[in-house]
Structure formats: structure tokens, C-alpha cells
Amino acid sequence: MTSRGAKFWDSGAIPLIAPEILGDIIGDVADLAIVISDNCEILSVIVNPANPSFLVMEHWEGKDIRDSLAVESRPKFESRLAAFMAGDKDVKPVELNHSRDVSDWDSPVRYSFHRIAPDGAILMLGRDLRAIAEMQQQLIRAQLALERDYEVQREYDTRFRVLLNNMSEPVLFVGAQNGDITEANAAATTLFDRSRDDLIGSPLLSCFEARKRGDLIEALTTLAISECGDGVKIELRGKSNVVQIMPTLFRAAGERVLLCRIIPDVEDGLKADNLARNMQDLYLSGPEAIVFASENGDVLSANDAFLDLIDVAHDINVRGRSIADYLQRGSVDLKVMTENATRSGRMRMYATKIAGQYGSPRAVEISVTKLHAGTHSVFAFVMRDTNHADTTRGALSPTSDESMKSVVELVGSATLRDIVAETTNVVEKMCIETAVSLTMNNRVAAAEMLGLSRQSLYVKLRKFDLLSRDTDDR
């Protein structure tokens with residue numbers, strides 16, 4: 001409206017605009033504006049200041065616009081221009097690519113056609129499509145990445161299905177939170193006489209007898225965490241068969257999942273001559289304490305008999321600790337046993353004492369065997385509780401009886417002081433002989449066992465004429 005209240009533009013007509021102002025308006029509205037004649041000659045080029053890459057088109061004024069287009073864009077341009085000049089009112093904008101000789105951009109420009117003069121001049125307003133093309137490329141790359149991820153996921157899912165269904169033993173995947181079965185293989189469906197669809201989503205307890213859901217899941221979770229060799233024994237529902245559930249706990253997508261392998265119980269399905277199973281039962285139920293230790297003496301596993309021997313509640317409390325912590329002479333005993341076992345592969349009947357943190361020391365006989373576990377070595381200690389350590393030690397010294405007889409013969413023929421001195425020598429000689437025998441003539445270990453220096457041990461060996469005898473025996 002003007003100041004007098006009249007309309008500024010009558011009937012939608014636009015008033016005349018100065019050419020220099022019109023050029024600025026067009027330059028701001030469009031990214032590129034080209035005025036061509038009816039024979040396609042470029043009359044004028046107006047470039048948006050925000051797109052300086054289009055300035056190269058200004059050098060094409062006076063040339064045919066078709067020469068600036070890529071080969072594949074020329075037919076589209078001629079077809080759309082012919083329709084526009086024929087008066088077709090529904091001519092849509094066309095996307096054109098300029099040749100590399102003209103432009104340094106790859107994306108197309110979208111042109112719309114407008115008549116601006118009665119002499120046939122046509123205004124082509126162009127919009128740069130590079131931003132849209134870039135977004136399209138990003139979408140395409142994202143789509144391709146998703147397709148690749150889907151393909152990898154499908155490949156792993158196929159491998160998982162094939163592996164699961166070709167396993168001979170029944171396998172179930174169970175949610176640790178709710179106890180529901182999330183996956184089952186073909187062997188499991190055969191064992192339970194139920195279809196896969198029937199198993200998936202049903203509680204694990206529905207396949208077994210006697211336990212509450214929470215108790216069963218808690219027992220399986222605890223067993224998986226403790227990494228114990230045995231499984232949970234349970235009876236199949238509707239059958240008299242007893243099976244063992246061997247659980248493995250892992251986390252996937254933020255949820256804890258139990259992988260449950262189901263194997264027949266040893267009494268139902270395993271042969272009596274199954275050595276591995278029999279050895280495992282001996283380890284778990286045998287009366288002798290059995291400990292497996294690493295090369296440096298750290299406990300790898302220990303059975304219940306050893307835990308009873310040292311009065312410890314659970315093997316978690318001893319795993320990782322050195323077995324020397326429970327031996328009477330500590331590292332000295334451990335060194336003697338491991339060195340002899342390393343030298344000959346095994347050591348028999350080593351007498352010492354063993355005690356836990358609270359219990360009193362107990363006399364034991366230990367046999368040690370060196371085992372090979374791949375590139376590493378493992379020592380197996382078998383301990384027998386005994387109250388005959390003194391007898392055993394006496395048997396290790398064949399000269400002790402003769403020495404004691406010679407002491408007894410002194411009674412009545414020598415003073416008490418002489419008898420006591422002779423007795424001390426006999427006891428000292430017996431201890432040295434025993435230590436040397438136990439350490440397989442290892443003088444350093446024998447000295448440590450007796451609490452002597454190596455030089456003092458050699459002095460006493462010479463005193464009792466044991467040095468030459470040990471050298472000859474060795």
C-alpha cells in the first residue's frame with residue numbers, strides 16, 4: 001500500500017525494475033542465471049557471489065550454451081527447451097551437467113526456463129545441487145555400510161546355526177535374569193521330545209524335575225563363576241534319566257546369558273573304563289590330598305582332601321598362592337621336591353609337615369610328578385597324612401641302627417658326659433645323612449634344610465667321614 005492507501009502493484013503486476021537492481025536480485029535468488037537467445041546463444045551470465053566456482057561461465061558469453069554442456073546433457077536440454085518455446089506450460093526444470101572444459105564441479109545444476117523479452121530471450125535460473133548430491137552420497141555410503149553389516153551379521157548367524165545344529169550334545173541358551181530358554185539346537189529338541197518353537201521362550205525348569213527356577217539358575221550361575229569341573233546333576237522331566245548341566249556364563253547386548261551343555265551323568269552314559277572321568281573322580285573323591293601347581297609353585301587347583309588337610313573352606317582361597325606357604329620348611333621343601341622331580345620326572349616319599357593358617361602341623365608324605373602342559377610344566381603333589389614320619393626318616397639312614405647300638409654299648413663303660421656327647425654326634429650324623437638323602441645329595445638344599453651354611457655342612461660331612469662316601473655314591 002502507498003501512503004495514499006492505493007495498491008502498489010495492480011492486478012499482481014510487478015512494476016518496472018532497474019536493470020542493475022534486477023541483476024542483483026537474480027544473482028541473490030539463483031546460484032547461476034544465464035540469458036540465452038532463441039538460437040541458444042549465451043547473452044549474459046549472472047553469478048551468485050556465494051558461488052564463485054560458477055564465474056568461469058562468464059567467459060562463455062556469445063557462445064552456444066550447448067557447447068558448454070556434457071554430451072549426455074545436450075539431448076535433455078534441447079528437448080526441454082523445444083517444449084518451452086512451443087508454449088508448453090508444464091515444462092519442468094531440467095538437471096544439466098556442464099563439460100569439464102567449462103566447469104570444475106561434478107554435480108549437476110537444476111535450470112528453470114523463463115521468458116523475459118518479446119524478442120525470444122530466455123532466462124535460465126540455475127540452482128547448484130552439490131549440497132543435495134553430497135547428502136545423497138552420504139546416504140548411499142551409509143546404506144552400503146548397513147548392507148555390509150547386515151551381510152556380515154547374516155554370515156555369522158548362518159555359521160552359528162550350522163555349528164549349533166551339528167553339535168552332537170544338547171545345547172541351550174538361557175537368560176540368566178529370567179531363566180527362559182532363548183535358543184536350542186536339534187540335539188536338545190530330541191532329548192526333550194519338544195519342538196524348537198516350543199522350547200524357545202519356555203522356562204528352563206520346564207525341562208527338569210524337582211528344583212525351583214530361582215534355585216536352578218542361581219546354582220548354574222554360581223557354578224559357571226567358580227569354573228568347577230562338575231556340572232549340576234538333575235533329572236529330566238517325565239524321564240528317569242539323570243543328566244549334568246555344564247554352564248558357561250557370558251554377556252551379550254548387556255544381558256547375562258548361560259550356555260548350558262547337557263551331558264549324560266557318568267553313571268548313566270559313560271563307560272567304566274573312561275580314564276579321564278575316572279581320574280577326575282579320583283581327584284575329587286580320593287582320600288589323598290592332590291594339588292596341581294605351576295613351575296614357580298603357585299597352586300592351580302586343589303581337591304577337597306587337601307582343603308581338609310589345611311582346614312580351608314574353598315579352593316578359591318588357595319588358588320594363586322604358593323604351596324610353600326603350607327609346607328613346614330617353606331621354599332626349602334618346595335625347592336627340594338621340584339628340583340628332584342625336574343631331574344628324574346618324579347619324586348617319591350618326601351616326608352615333611354603341612355599346616356594351614358589355623359590348624360596344627362600334620363606329618364605327611366609327598367610324592368611329586370612333573371607333567372607337561374603344552375609349553376609349560378605343571379607339578380602334581382600327592383600328599384598322604386601319616387604319623388610315621390620318624391620311622392620313615394629312620395629307614396632313610398641305614399647306618400642309624402648301628403650308631404644307636406654303639407651308643408647303648410657305652411652304658412656302664414663310659415661316663416654320662418661321654419655318652420651324651422656320643423649321642424649328640426649320632427643324632428647330628430643321622431640328621432645330616434637324612435638331609436643329604438632327601439635332597440638327592442644336593443648340598444645347597446641340604447644346608448638350607450638343616451639351617452646351616454654350605455661351609456658348615458662341608459665341615460660336618462668331613463667330621464663324620466660322609467663327604468667321600470657321598471661323592472662316591474653320586
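The values are calculated or read from the model by the stated rules, or taken from the named source; none is laboratory data. This is a predicted model, so every value here is computed, not measured. All Cβ positions, glycine included, derive from the backbone under ideal geometry; neighbour counts span all protein chains shown.
Restricting to the range 286-315, name every residue that is at pLDDT 85 or above and assigned to a helix (DSSP H, G or I).
Matches in the range 286-315: ASP304, ALA305, PHE306, LEU307, ASP308, LEU309, ILE310.
If you check every pair at least six apart or on different chains, which have Cβ atoms under 6 Å apart with a residue in the range 285-300 that is under 20 Å from GLU365 (Cα atoms) first and a residue that is among the charged types (D, E, K, R) second?
Within 6 Å, the pairs are GLU288/ARG384; VAL299/ARG319; VAL299/ARG321.
Here's a check for you: in the range 440-471, which residue that is under 24 Å from TYR350 (Cβ atoms) and acidic (Asp, Glu) is modelled with the highest pLDDT?
If we take residues in the range 440-471 being under 24 Å from TYR350 (Cβ atoms) and acidic (Asp, Glu), then GLU448 is modelled with the highest pLDDT.
Inspect the range 133-151 for any residue being in contact with a helix residue (DSSP H, G or I) (Cβ under 9 Å, 6 or more places away or on another chain) and surrounded by 12 or more Cβ atoms within 10 Å (Cβ to Cβ) and give the result as yes or no.
Among the residues of the range 133-151, not one is in contact with a helix residue (DSSP H, G or I) (Cβ under 9 Å, 6 or more places away or on another chain) and surrounded by 12 or more Cβ atoms within 10 Å (Cβ to Cβ), which makes the answer no.
Does ARG319 satisfy the criteria of being part of a strand (DSSP E or B) and basic (Lys, Arg)?
So ARG319 does not fit the description; no.
Scanning the range 239-253 for residues that are over 16 Å from GLY179 (Cα atoms) and small (Gly, Ala, Ser), which turns out surrounded by the fewest Cβ atoms within 10 Å (Cβ to Cβ)?
ALA253
Restricting the range 283-297 to residues that are of a type in the set (Gly, Ala, Ser) and closer than 23 Å to SER331 by Cβ, which is surrounded by the fewest Cβ atoms within 10 Å (Cβ to Cβ)?
SER294
Considering every residue within the range 353-360, establish whether at least one is in contact with a strand residue (DSSP E or B) (Cβ under 7 Å, 6 or more places away or on another chain) and modelled with pLDDT of 85 or more.
yes
Any residue at all in the range 393-401 that's acidic (Asp, Glu) and at pLDDT below 80?
Yes.
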